[in-house]
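What follows is calculated from the coordinates using simple rules that are stated; it is not laboratory data. Remember, it's a predicted structure, so these values are computed and weren't measured experimentally. Ideal geometry is used to build each Cβ from the backbone, glycine not excepted, and the neighbour counts take in all protein chains shown.
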Amino acid sequence: MKTTDLFYNNTVPWTVKDLIFFSNILIIYMVGGGWLIKTYLPMIPLNIRYYVFILVDIFSLIICFGILNVILKKYANGWRSLLSGKDVFFTNLVPSIGIAAVTGLAMLLIDHYVSPFLFRGLLSKPVPYTFSLFIVYPIIIAPVTEEIWFRSFFYRGIKKECGLPTGLIVSTFLFVLYHYYNFSSISIIIYSIFITLYYEKNKNLYNCILIHSIINLINITGRLLLL
């Protein structure tokens, strides 16, 4: 076993109890969020609906990161334990961009042709061009938070306790559940399996964040062009 692989596995101090606790928080958020979306979001004027959704989502992210902070502060390395031995800032940049472009286009076409109703759903309607829509949330906030949660925290933690196949399946299930309301399950499953295996091979969280950002940019731009 390589030194980097040893470091990659040994920097996972969190336990099964921590994983269950954090996953329960996300599930409660999804169930509660789903109820709120179905009950109250249709009552909000369409032109501000997206912004309300974003504000609620950012508030939930703050709560989730606060809980994650409580978990990680129990251990010596704290937040540093989320990084693995190969987390060099944006290595293999050109291949990563190419991979992201192909994957993003594939997901866009799947959403467009396989799940057309969801593709044209509540949050896919054209809204005014805003900085938050195209940059801050989907291109920066979402990739950073989701890759930390689902790749670094969940996948590595479950893999340490149960092995790679279980880690891949459970982290993908949680990732699909988290995106249940705004993407088709097929495209999200494809993305989660792909990015998790990519992360397993390269052990670089920064590259996963970059790929996620590019895919979101392609998806958002493509939706507006195809709607």
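Sort 22-32, 188-198, 145-155 for me by packing, meaning the mean count of neighbouring Cβ atoms within 10 Å per residue, highest on top.
145-155, 188-198, 22-32
Quick check on packing: order 211-218, 47-54, 106-113, 76-83 by the mean number of other C-beta atoms within 10 Å, highest mean leading. Present the calculation step by step, with values, prior to reporting the outcome.
Numbers: 211-218: 21.8, 47-54: 15.9, 106-113: 18.2, 76-83: 14.2.
My ranking of the peptides, most packed first, is 211-218, 106-113, 47-54, 76-83.
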